[in-house]
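Participant: One structure coming up, written as structure tokens, with questions to follow.
The values are calculated or read from the model by the stated rules, or taken from the named source; none is laboratory data. Everything numeric here is computed off the predicted structure, so don't read it as measured data. Glycine gets a Cβ as well: all are built from the backbone with ideal geometry, and neighbour counts include every protein chain shown.
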Amino acid sequence: MRILVGGSTGLVGTELVKYLTSRGHEVTRLVRKKPNSNERCVVWNPSQGTIDAAGIEGFDAVIHLGGDNIAHGRWTAGKKRLIRDSRVISTQLLASTLAGLSQPPKVFVCASAIGFYGDRGDDVMTEQSQPGPSFLSTTCCEWENATAPASKAGIRVVNVRIGVVLTPKGGALQKMLTPFKLCVGGRVGNGRQWWSWIALDDLVRVLEHATVTESLSGPVNGVAPGTVNNRTFTKLLGRVLRRPTIIPMPAIVVSVLLGEMGDELLLGSTRVVPQRLEESGFQFSYPTLEPALQHLLK
């Protein structure tokens, strides 16, 4: 397939481009500045509302992963605006442009996040569950709604609600490795909050699966079936690293140091299952946490 990828320089996008290329797809990257190379690229600037519409004619599929890093820096008013706008405005521009093409793609796969559900305790979330009231929940709702022009134009749209992406190359796992290796790792808060995760290797396969599986449209939970709570996550990570996990981080410390970001990302409980992925026949390479960590951390 001829596939256009937005957010191709991020943690997930970089691995996705490599994976799709290895699978024989012809990949073009959607970038803000054309690199000094012969790499296939199309230039756009979402903040200025500009995009090379002619350059995105004739693709079979578009995958968009763009968005500011939610775990970098405290959530000030400006940071929250950047988190929201970097997702919603870019998706609106891309979806409306795709809708107006003479040769639109057959499918538009757009990232979303399990932040859609918010802090839900022990309740199990499927794609039919309602959104929560938090900042991330509201942002994810707007993010998914921004794809509407594409779906109204008859393009199959898939909103992949991505969980905690596990890779030592970045994200949550990378941040946890140093304290755990130094034997100062431990549970966060009371440890009962659910963390819905997915190995990066499986996530890129999920994105390809959503692209080629015509029965999939609308929300799809991009998480592994083996969701665990923070206490179990901590225990298994310590076991794989062969380190003790006896120094907890109290909830009050998380709230003071990280504010709203810590409350939503570290203390919030979101227990999500990949119902639609499994119904569509997707087979996870790493459905449970300990083998996933063993693979990722060698």
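Participant: Between a first residue in the stretch 157-173 that is under 16 Å from Glu290 (Cα atoms) and a second residue that is assigned to a strand (DSSP E or B) and aromatic (Phe, Trp, Tyr), which pairs have beta carbons less than 6 Å apart while being 6 or more apart in sequence or on different chains?
Facilitator: Sorted first by the residue in the stretch 157-173, then by its partner, the pairs are Val164/Trp195; Val164/Trp197; Leu166/Trp197.
Each row is one residue, and each column tells you yes or no for (1) crowded, with 17+ Cβ neighbours inside 10 Å; (2) under 24 Å from the mean Cα position of the chain (by Cα); (3) within 27 Å of Gln174 (Cβ to Cβ); (4) not β-branched (Val, Ile, Thr).
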residue: Val12; (1), (2), (3), (4): yes, yes, yes, no
residue: His25; (1), (2), (3), (4): yes, yes, no, yes
residue: Lys33; (1), (2), (3), (4): no, yes, yes, yes
residue: Val43; (1), (2), (3), (4): no, yes, no, no
residue: Ser47; (1), (2), (3), (4): no, yes, no, yes
residue: Thr50; (1), (2), (3), (4): no, no, no, no
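Participant: Could you identify the single residue in Val256, Val240, Val228, Val273 that is surrounded by fewer than 17 Cβ atoms within 10 Å (Cβ to Cβ) and not charged (D, E, K, R)?
Facilitator: After applying the criteria, what remains is Val256.
Participant: Could you run through the stretch 226-254 and say how many residues are of a type in the set (Ser, Thr, Tyr) and in contact with a helix residue (DSSP H, G or I) (Cβ under 6 Å, 6 or more places away or on another chain)?
Facilitator: Total meeting the criteria: 1.
Participant: Among helices (runs of 4 or more DSSP H) lying entirely in the stretch 181-286, which contain 2 or more residues that are free of Cβ contacts under 8 Å to residues at least 12 places away in the same chain?
Facilitator: Hits in the stretch 181-286: 251-258.
Participant: How about the stretch 118-156: which of its residues are touching a residue at least 60 places away in the same chain (Cβ under 8 Å) and of a type in the set (D, E, K, R)?
Facilitator: Asp119, Arg120, Asp122, Asp123, Glu127, Glu144, Arg156
Participant: Let me ask something else. Exactly one condition in (1) under 23 Å from His209 (Cα atoms); (2) in contact with a strand residue (DSSP E or B) (Cβ under 6 Å, 6 or more places away or on another chain) is false for Trp44; which is it?
Facilitator: (1)
Participant: Could you check how many residues of the stretch 181-225 are more than 26 Å from Asn145 (Cα to Cα), under 17 Å from the mean Cα position of the chain (by Cα) and of a type in the set (A, V, I, L, M)?
Facilitator: 1
Participant: Also, quick follow-up: Which residue pairs have Cβ atoms closer than 6 Å, lie 6 or more positions apart in sequence or on different chains, and pair a first residue in the stretch 45-64 that is at positive phi with a second residue that is part of a loop (DSSP other than H, G, I, E, B)?
Facilitator: From the stretch 45-64, the pairs are Gly58/Gln103.
Participant: Looking at Lys175, Lys152, can you tell me which residue is within 18 Å of the chain's Cα centre (by Cα) and either more than 16 Å from Val223 (Cβ to Cβ) or modelled with pLDDT of 95 or more (or both)?
Facilitator: Of the residues listed, the single one that is within 18 Å of the chain's Cα centre (by Cα) and either more than 16 Å from Val223 (Cβ to Cβ) or modelled with pLDDT of 95 or more (or both) is Lys175.
Participant: Quick check: anything in the stretch 180-191 β-branched (Val, Ile, Thr) and either at pLDDT 95 or above or within 18 Å of Leu136 (Cβ to Cβ) (or both)?
Facilitator: yes
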